[in-house]
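Notes follow once the structure below has been shown.
The values are calculated or read from the model by the stated rules, or taken from the named source; none is laboratory data. No experiment lies behind these values; they were computed from the predicted model shown. FYI the Cβ positions are ideal-geometry reconstructions off the backbone, even for glycines, and counts take in every protein chain you see.
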Amino acid sequence: MKLVIAIVQNNDSQALLKAFNEHNIPATKLSSTGGFLRKGNTTFLIGIEEKDLDKVLSLIEQTSKTREKEIPPISPLGGSVEDFLPGLRTKVGGATVFVLPMEFYRF
Ligand code: 2BA
């Protein structure tokens with residue numbers, strides 16, 4: 001068996017949890033804090049058979065991988081921020097994943 005430890009951004013955690021539930025992947029969700037930025041993130045513990053590993057990694061990638069997003073046009077001046085910062089984009093998401101060999105017991 002394998003233990004997958006996946007650290008994702010809080011914003012992606014609900015979509016990932018939904019995907020795990022839809023695919024009958026057992027998961028435990030923990031609130032965690034990044035040691036460098038000291039911001040909240042979410043850590044999932046997933047205990048699975050080796051045959052399900054690719055599916056789990058693919059779900060994490062689909063919901064949480066780093067991608068670019070347009071910053072919403074909000075301006076204190078009343079106009080659109082895009083008027084003076086056209087096409088402003090930022091990176092969101094990202095997953096750090098560890099896969100460990102595991103022995104599984106349930107008491
Ligand atoms: P990421 O590398 O995408 O890491 C996101 C979060 O994943 C980290 O949050 C940490 O909670 C976890 N993580 C990443 N690598 C890990 C590892 N090898 N072992 C255990 N947990 C790990 P933060 O620590 O708050 O880091 C946030 C972001 O700051 C990192 O994004 C990276 O881009 C940057 N960063 C982290 N440490 C850095 C350093 N020493 N110097 C420069 N940048 C750093």
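For the condition outside any strand (DSSP E or B), surrounded by fewer than 19 Cβ atoms within 10 Å (Cβ to Cβ) and among the charged types (D, E, K, R), LYS55 qualifies.
Of the residues making up region 46-70, those that are within 14 Å of the ligand (Cβ to nearest atom) and among the hydroxyl-bearing types (Ser, Thr, Tyr) number 2. Annotation: GLY47 fulfils all but one of (1) part of a loop (DSSP other than H, G, I, E, B); (2) within 20 Å of VAL99 (Cβ to Cβ); the unmet one is (1).
Scanning region 10-51 for residues that are surrounded by 12 or more Cβ atoms within 10 Å (Cβ to Cβ) and in contact (Cβ under 8 Å) with a residue 40 or more places away in the chain turns up ASN11, ASP12, ALA15, LEU16, ALA19, PHE44, LEU45, ILE46, GLY47, ILE48. Restricting attention to region 1-45, the residues being of a type in the set (A, V, I, L, M, F, W, C) and away from the ligand (no atom under 16 Å from the Cβ) number 7. For region 74-93, the candidate set comprises residues that are part of a loop (DSSP other than H, G, I, E, B) and surrounded by 13 or more Cβ atoms within 10 Å (Cβ to Cβ); within that set, the residue that is modelled with the highest pLDDT is GLY93.
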